[in-house]
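Structure first, then comments.
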Protein chains: 4
Amino acid sequence: MPFIKYNEKNIYYEVHGEGEVIVILNGIMMSHMSWKAFIPELSRNNKVVLLDFLDQGKSDKMDSLYKQDLQVEVVKAVIDKLELNKINLFGISYGGEVALQFALKYKNLLNKLILFNTTSNTNSWLQDIGRGWINAAETKDAETFYNVTIPIIYSPSFYNKNIDWMNKRRKILYKVFKEDFLISMIRLIKSAEGYDVKEKLNKIDISTLIVSSEYDFITPVAEQEDIYKGIPNSQYILIRECGHASMYEKPNEFINILKGYLFVEKEIKIV
Amino acid sequence: MPFIKYNEKNIYYEVHGEGEVIVILNGIMMSHMSWKAFIPELSRNNKVVLLDFLDQGKSDKMDSLYKQDLQVEVVKAVIDKLELNKINLFGISYGGEVALQFALKYKNLLNKLILFNTTSNTNSWLQDIGRGWINAAETKDAETFYNVTIPIIYSPSFYNKNIDWMNKRRKILYKVFKEDFLISMIRLIKSAEGYDVKEKLNKIDISTLIVSSEYDFITPVAEQEDIYKGIPNSQYILIRECGHASMYEKPNEFINILKGYLFVEKEIKIV
Amino acid sequence: MPFIKYNEKNIYYEVHGEGEVIVILNGIMMSHMSWKAFIPELSRNNKVVLLDFLDQGKSDKMDSLYKQDLQVEVVKAVIDKLELNKINLFGISYGGEVALQFALKYKNLLNKLILFNTTSNTNSWLQDIGRGWINAAETKDAETFYNVTIPIIYSPSFYNKNIDWMNKRRKILYKVFKEDFLISMIRLIKSAEGYDVKEKLNKIDISTLIVSSEYDFITPVAEQEDIYKGIPNSQYILIRECGHASMYEKPNEFINILKGYLFVEKEIKIV
Amino acid sequence: MPFIKYNEKNIYYEVHGEGEVIVILNGIMMSHMSWKAFIPELSRNNKVVLLDFLDQGKSDKMDSLYKQDLQVEVVKAVIDKLELNKINLFGISYGGEVALQFALKYKNLLNKLILFNTTSNTNSWLQDIGRGWINAAETKDAETFYNVTIPIIYSPSFYNKNIDWMNKRRKILYKVFKEDFLISMIRLIKSAEGYDVKEKLNKIDISTLIVSSEYDFITPVAEQEDIYKGIPNSQYILIRECGHASMYEKPNEFINILKGYLFVEKEIKIV
């Protein structure tokens, strides 16, 4: 069974394919299931490790509050269990925050770091946005939670053009946004409060790719700009006309950028 | 007393100063009170007319749902009462939507049209953002309503730099966000559903100024770009590093742009 | 005759209107003539002082190389002659560079500072662009000088939409770009080499307005962003879909922003 | 010897590696030599075909003027000679223009189309920029040609940060910019006058990747936006803080995006 134990808790993980390893860290409302459409292409040349954070997907729920560094140890436990080394670590949004903290603590385990739609700190603005999400979760009403959290993570142009798809998704998510899920969400959001690695970014000395979306209204472009300026050996790409949920809005730009970065063997120097 | 009757309802208005007329239409959560800091400067050379829409400020509450075109008639009633003509009409956000509809219906009354942070239509995305605000209002909880609606209307950089001011504002707004206010908000938000003048913009043949904020996450820059492309005789200015609530974040850029536009007498042609 | 003597050289100036003073400093290829279309509106409420720098317009040519700080003294000499005080100083491009240096040396003479399309330093890139312009001037061929310098200072969209106007302008400029003019241009360009006030911007403690154009390919937006970050009490506005020659591309946005800023009497504080 | 004959002219080409084919079309001032640093990585998984256009690199010079469609036939001749099929066609700038015309004429030969820093038409603005380059070439002076054409194709930030590299490059290019080269340049620039496929873009029905640079002052972002809107099945990525010569400024972002796009086998659909 694809579980490991961490502190008495079950952590769900999956491994797909063979090759250089990439470990995928989910955004806050995602789970291993969110990557289904990407797995065939991603696992064609790489060993892909998916995992659910505590309070996410098939991993165990928590009983009390914790900080994101607990999730860093969850990732470490999975890597240890699978005896992985020199892994490429990918994170999006919440997953990117955990990836940055992992890179600061366990950089020897890493080859490349890949950050989509990530911030280096939960500033007051983002914290209060998060508190609005918590308040919405506390209503235990799926519709409230959907309307408060989902439209804003898409770009207006995508949402409007794909309103039928969004409405199908709304129905699916109403089933997901049950009381248990919403209570886990509250803990997950709170675990990111106080997060701040902005001043430590310059200690990350591995090759890093940073990807922004033009219309990301949760972790706006300026946040990734800070990370790009902070990490010495970093690349920076922007996806045009795209919101925070870049993997859903622009799945092909998403996978191309990710695979291209994994695939290139060494840095090119123009002399 | 500065009220007029419209359909048995009291509409509150104020007049300040003498000179060319400017009528100010509020954003959805604002009232005539919001302009206090601007009145001395605005009324120094102009006759400034403030008014509260139905369900806003000191104007009467409504008992049932209505559409924004009712607010258009409210504006018309105030203008008639004051026997104004060739007015300059300013609107921000919700007020800009009413201003656009007013311009289409009563263009002969207008001199110049000024639109800050305005959209030409309540698209699906904006409608669903609005429904999240309605859900938040339905909790009747001031904190929930604040967290869901306020942070997102400011730019992250402003919010973070002015967190003390924001926290003072939070306390003030907790007192404002009482049940009555929240029920009015629900009607106001619903009155904008279905709004769409995008295809009629080319019929607006008066001089128009359009102002965007770089980090407006409610009516993003692309919305004002549409209006600029739609209205033949329009000017377009952007305030950098500013969110949706441009008047609070950048009061000086705000007043300069507004007064400059009012103040210039005729169009310059380079020959 | 509207000339003053400075170091044995004639400096041409003009005064229009009455009111608070605004002194206008030209861009490098401009002269007092460039402002003709703006004078009626500008001088309606202000005393407008135009002047030609050394090597510009009706002012005397120079015989040898000099630095921009000589132009700072030219401005000072005109201000002294006219016994002006608490002036508002406007500069665009080259004129903005002189204005910044003036503000650092004679800040007591100033009320407000207004900078359109200005950089805080002639960096290597801009210097080499300038050397290309010098090389073009050295051919003494009007067509070469036009093609090398003029298209790039307009936005593509403006240039393409107004190609008839551009072609008329081309004919006019062919008459202007005579040998004498081109030799003066070489000295003017060289006078800006070595210019750098970037680290001193924080010493400018007067109210300052900074205006960028979205498609300014000579002093790109990032340059004005530096100035905005450097000067503590500054405002920052951007003109959309506009190139370096903002006054020609967007004369109405230009004059509105300028007059609005002059016109507002005191800073608004939101409390 | 790696030449083919086309219309009595020698066309130089090179083939590197094995795998899916990618044909590389150079920018106007480039040649097969420009790709040296990229070949090891590019040819690791692909058969890479380099070629020099007529009037470029080792290919023959022309004796009279011609249009870009001649270069389209040059590409076709190389492809025929090598008996290639279902190729991926890459073009940058001038090469992108030829690639677009190739795709319209010979789309059955293509698999994917990749366009970096490309425009769909030589509009009046770009034509006049080009005429300035022609005027500079006509001086037969390497310094003039360098200063007029090179700084503007780099972003200011790259140029300033890498001024030592730029100055080394200046020396190398002074040797390249000999009379013969400059006369060829004039013909190449003229061959692009009149180019316009903007209204035909919707006929390109193969998968296309479009890449812009944020500070591209020759083919600004708006040009690629047009292509993205025109070609139905297209992806669009932007490289931040980068000028027109994206391959030199951001070689790693460049190769990642290119390889990622080549490497992904089929389009991902989110259901």
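Under 7 Å between Cβ atoms, which residue pairs at least 6 apart in sequence (or on different chains) link something in region C:8-28 that is of a type in the set (Gly, Ala, Ser) with a partner that is not in a strand (DSSP E or B)?
C:Gly17/C:Ser43; C:Gly17/C:Arg44; C:Gly19/C:Asn45; C:Gly27/C:Ser93; C:Gly27/C:Tyr94; C:Gly27/C:Gly95
Kindly indicate whether C:Phe53 is more than 22 Å from C:Ile189 (Cα to Cα) and either at pLDDT 95 or above or touching a Lys or Arg at 6+ places or on another chain (Cβ under 6 Å) (or both). Can you show your working first?
Values: more than 22 Å from C:Ile189 (Cα to Cα): no; either at pLDDT 95 or above or touching a Lys or Arg at 6+ places or on another chain (Cβ under 6 Å) (or both): yes.
Against the criterion (more than 22 Å from C:Ile189 (Cα to Cα) and either at pLDDT 95 or above or touching a Lys or Arg at 6+ places or on another chain (Cβ under 6 Å) (or both)), C:Phe53 does not qualify.
Among the residues that make up region C:121-142, is at least one of them surrounded by 19 or more Cβ atoms within 10 Å (Cβ to Cβ), aliphatic (A, V, I, L, M) and more than 14 Å from chain D (Cβ to nearest Cβ)?
For region C:121-142, residues surrounded by 19 or more Cβ atoms within 10 Å (Cβ to Cβ), aliphatic (A, V, I, L, M) and more than 14 Å from chain D (Cβ to nearest Cβ): absent.
Please verify whether D:Asn26 is surrounded by 17 or more Cβ atoms within 10 Å (Cβ to Cβ), under 22 Å from D:Val197 (Cα atoms) and within 14 Å of another protein chain (Cβ to nearest Cβ), treating the condition exactly as stated. Spell out how you get there, then give the answer.
Values: surrounded by 17 or more Cβ atoms within 10 Å (Cβ to Cβ): yes; under 22 Å from D:Val197 (Cα atoms): yes; within 14 Å of another protein chain (Cβ to nearest Cβ): no.
Spelling it out, it is not the case that D:Asn26 is surrounded by 17 or more Cβ atoms within 10 Å (Cβ to Cβ), under 22 Å from D:Val197 (Cα atoms) and within 14 Å of another protein chain (Cβ to nearest Cβ).
Taking region D:150-170 only, how many residues are more than 8 Å from chain C (Cβ to nearest Cβ), over 28 Å from D:Ser234 (Cα atoms) and either at pLDDT below 95 or assigned to a helix (DSSP H, G or I) (or both)?
The total comes to 8.
Filtering region A:55-88 down to residues that are in contact (Cβ under 8 Å) with a residue 60 or more places away in the chain and of a type in the set (D, E, K, R), which residue is surrounded by the most Cβ atoms within 10 Å (Cβ to Cβ)?
Out of the qualifying residues, it is A:Asp55.
Run D:Glu97 past the list (1) surrounded by fewer than 24 Cβ atoms within 10 Å (Cβ to Cβ); (2) among the acidic types (Asp, Glu); (3) in contact with a helix residue (DSSP H, G or I) (Cβ under 8 Å, 6 or more places away or on another chain) and report the number of the one that doesn't hold.
(1)
Which of the residues spanning region C:118-132 are in a helix (DSSP H, G or I) and of a type outside the set (Lys, Arg)? So that I can check it myself, show each step before the final result.
Step one: list which residues in region C:118-132 are in a helix (DSSP H, G or I), which gives C:124-132.
C:Ser124, C:Trp125, C:Leu126, C:Gln127, C:Asp128, C:Ile129, C:Gly130, C:Gly132 - these are the residues of region C:118-132 that are in a helix (DSSP H, G or I) and of a type outside the set (Lys, Arg).
Condition check: more than 24 Å from C:Gly243 (Cα to Cα) and modelled with pLDDT of 95 or more. Does C:Lys107 satisfy that? Working first, answer last.
Values: more than 24 Å from C:Gly243 (Cα to Cα): yes; modelled with pLDDT of 95 or more: no.
Against the criterion (more than 24 Å from C:Gly243 (Cα to Cα) and modelled with pLDDT of 95 or more), C:Lys107 does not qualify.
Kindly indicate whether C:Thr122 is touching a residue at least 24 places away in the same chain (Cβ under 8 Å), within 30 Å of D:Ile150 (Cβ to Cβ) and not hydrophobic (A, V, I, L, M, F, W, C). Steps first, please.
Values: touching a residue at least 24 places away in the same chain (Cβ under 8 Å): yes; within 30 Å of D:Ile150 (Cβ to Cβ): yes; not hydrophobic (A, V, I, L, M, F, W, C): yes.
The answer is yes for C:Thr122.
Name the residues in region C:29-42 that are surrounded by fewer than 17 Cβ atoms within 10 Å (Cβ to Cβ) and touching a strand residue (DSSP E or B) at 6+ places or on another chain (Cβ under 7 Å), would you?
Pass one, region C:29-42, residues surrounded by fewer than 17 Cβ atoms within 10 Å (Cβ to Cβ): C:33, C:36-37, C:39-40.
Matches in region C:29-42: C:Ile39 only.
Sort out for me the helices (runs of 4 or more DSSP H) sitting completely within region C:177-266 that have 1 or more residues that are crowded, with 18+ Cβ neighbours inside 10 Å, free of Cβ contacts under 8 Å to residues at least 40 places away in the same chain and away from every other protein chain (no Cβ under 12 Å). Even if it seems obvious, please write down each step before you answer.
Working: elements: C:179-191, C:221-230, C:246-249, C:251-263.
Filter on region C:177-266 gives C:179-191.
The values are calculated or read from the model by the stated rules, or taken from the named source; none is laboratory data. It should be emphasised that the depicted structure is a prediction, and the values quoted were computed from it without experimental measurement. Counting neighbours? That spans all protein chains shown, and the Cβs are built from the backbone with ideal geometry, glycine included.
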